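Worksheet: one structure, shown below.
The values are calculated or read from the model by the stated rules, or taken from the named source; none is laboratory data. This structure is a prediction, so every number in the text was calculated from the model and none was measured. FYI the Cβ positions are ideal-geometry reconstructions off the backbone, even for glycines, and counts take in every protein chain you see. Note: accessible area is taken over every heavy atom of the protein model, side chains too, but ligands, DNA and RNA are not part of it. Shrake-Rupley method; radii C 1.70, N 1.55, O 1.52, S 1.80 Å.
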Amino acid sequence: MRTELLKDVRRLVVKLGTGVLTDGGKQPDPAQMGQLVAQFAALRQAGREIVLVTSGAVGAGMGVLGYEKRPAETCEQQACAAVGQSRLMTIYEKLFSEFGLHVAQVLVTHDDLQDKERHRNARNTLLTLLKRGVVPIINENDAVSITELKFGDNDKLSALVAALLPADLLVILTTVDGVIEHFGKPHARTLASVAVIDKTLEGMAGGTDSATAVGGMKSKIAAARITVRSGIPLVIASGRKKNVLAQILAGAEEGTLFVPQLGQLRGHKRWIAFFHHAKGKVCVDAGAKEALVSRGRSLLPPGVVRCEGEFGVGDVVSICDEDGGEFARGLAGFSAAELQARLQSRDEVVHRDNLVIL
Ligand code: GLU
């Protein structure tokens, strides 16, 4: 199945975790970065388009500024990120230039991808860089991102970048071999593939207690939800293995493959589904849920049981069942205030063209 799924990959996004790029002393590890860049260069030279999402800025900055553990204060983390980011880019630039390749630093905040026009603009810039043979290296603009409005982690950022382009494959390179069942036990084993992301799988995934990194397996599974729903395969594998990318692309059983759902969501729907901090919640009854999920209908006022938050026309709202469980997202056809006044009308609260079942 892997060979079939990965045989036509032309454009890939690769996410590099902090642990993959830095050594025990939290400094960028040039030998390790060198072996990764050699792999990327080989792919680029073979005609594939490659976009990197790099972590490690905060970690590298901590090394320079002498922090033993991740500072608690946001401004201290941001200072580390600013110092570490330029350090990382200097190394990438030097390593890629040995293969005659140019790199481009692209730092983004959540707002850049949430706003429709800036979203389009970011995409155009990335596509232009790829067309020019450049390797874009993306990170969150940590030095200025505001805590509550951040992407949160680079696993999610990499999934969003894959959905933005869109890419044919996302590879998350980390310090473990993939999703590991019975982690830490003698019968531990790496899952070769995941077809359905369910509670059992989520139960297997922990966070991280690393001093420099954020995320852990939990955030990788959250990222997988985005790629799988977008119709993009994801492989989580070890970034310390030599030639891991070539192996993955050749269809070898490397790491854990998340099998995508059939059919790609269109760009407009990917933007609605994944790129927003929802402005409000619209909870619907079981009949309305069924009409949306199984019959592809628009959401009409009679199905709404309550709504929360202050949203306006065109804002993204989270569509939930009566217990508050989110199952869809959509663009509001009217504001929260208007919705209260129009509960008996037949006007669409969310038109099906602007609605995505998650
Ligand atoms: N943007 C952060 C950094 O460069 C990393 C966030 C993450 O690894 O998830 O340090």
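The criterion of being farther than 18 Å from residue 14 by Cα and either modelled with pLDDT of 90 or more or not in a loop (DSSP other than H, G, I, E, B) (or both) does not hold for residue 172.
Considering only residues that are out of contact with any Leu (no Cβ under 9 Å at 6 or more places or on another chain) and part of a helix (DSSP H, G or I), look in region 125-149 and name the one that is most open to solvent (accessible area, probe 1.4 Å). The qualifying residue most open to solvent (accessible area, probe 1.4 Å) is 131. When the helices (runs of 4 or more DSSP H) confined to region 9-124 are screened for residues that are in contact with a helix residue (DSSP H, G or I) (Cβ under 6 Å, 6 or more places away or on another chain), those reaching at least 3 such residues are found at 30-45, 57-65, 74-97, 110-114. Taken over region 188-203, the criterion of being over 18 Å from residue 254 (Cβ atoms) and open to solvent by 40 Å² or more (accessible area, probe 1.4 Å) is satisfied by 196, 198, 199, 200, 202, 203.
So how many residues does region 11-42 have that are within 19 Å of the chain's Cα centre (by Cα) and away from the ligand (no atom under 14 Å from the Cβ)? Qualifying residue count, region 11-42: 3. Within region 44-57, residues that are within 16 Å of the ligand (Cβ to nearest atom) sit with their Cβ atoms under 6 Å from residues that are of a type in the set (Ser, Thr, Tyr), at 6+ positions apart or across chains, in these pairs: 53/158; 55/18; 56/18; 56/22.
Among the numbered conditions (1) surrounded by 22 or more Cβ atoms within 10 Å (Cβ to Cβ); (2) in contact (Cβ under 8 Å) with a residue 60 or more places away in the chain, tell me where residue 217 comes up short. The one condition residue 217 does not meet is (2). Counting only helices (runs of 4 or more DSSP H) that sit completely within region 261-354, zero hold 3 or more residues that are touching a helix residue (DSSP H, G or I) at 6+ places or on another chain (Cβ under 9 Å) and of a type in the set (Ser, Thr, Tyr).
Given the condition in contact (Cβ under 8 Å) with a residue 24 or more places away in the chain, over 25 Å from residue 229 (Cα atoms) and either open to solvent by 50 Å² or more (accessible area, probe 1.4 Å) or not acidic (Asp, Glu) (or both), answer yes or no: does some residue in region 325-335 qualify? Scanning region 325-335 turns up at least one residue that is in contact (Cβ under 8 Å) with a residue 24 or more places away in the chain, over 25 Å from residue 229 (Cα atoms) and either open to solvent by 50 Å² or more (accessible area, probe 1.4 Å) or not acidic (Asp, Glu) (or both).
Take the conditions (1) within 13 Å of the ligand (Cβ to nearest atom); (2) open to solvent by 30 Å² or more (accessible area, probe 1.4 Å); (3) of a type in the set (A, V, I, L, M, F, W, C); residue 75 misses just one of them, which is (1).
Scanning region 97-150 for residues that are of a type in the set (A, V, I, L, M, F, W, C) and away from the ligand (no atom under 16 Å from the Cβ) returns 99, 101, 104, 122, 126, 127, 129, 130, 134, 135.
Looking at region 268-279 only, could you name the residues that are surrounded by fewer than 16 Cβ atoms within 10 Å (Cβ to Cβ) and modelled with pLDDT of 95 or more?
Result: 268, single match.
Candidates are the residues of region 87-96 that are more than 22 Å from the chain's Cα centre (by Cα) and more than 12 Å from the ligand (Cβ to nearest atom); the one that is most open to solvent (accessible area, probe 1.4 Å) is 94.
Annotation: residue 152 fulfils all but one of (1) farther than 15 Å from residue 15 by Cα; (2) within 12 Å of the chain's Cα centre (by Cα); the unmet one is (1).
Taken as a whole, the condition of being in contact (Cβ under 8 Å) with a residue 12 or more places away in the chain, crowded, with 17+ Cβ neighbours inside 10 Å, within 16 Å of the ligand (Cβ to nearest atom) and not polar (S, T, N, Q) applies to residue 224. Taking the conditions (1) polar (S, T, N, Q); (2) closer than 25 Å to residue 254 by Cβ; (3) surrounded by fewer than 21 Cβ atoms within 10 Å (Cβ to Cβ) in turn, residue 158 satisfies each one other than (3). Among the residues in region 198-212, are any of a type in the set (A, V, I, L, M, F, W, C) and at pLDDT 95 or above? No; the residues of region 198-212 include none that is of a type in the set (A, V, I, L, M, F, W, C) and at pLDDT 95 or above.
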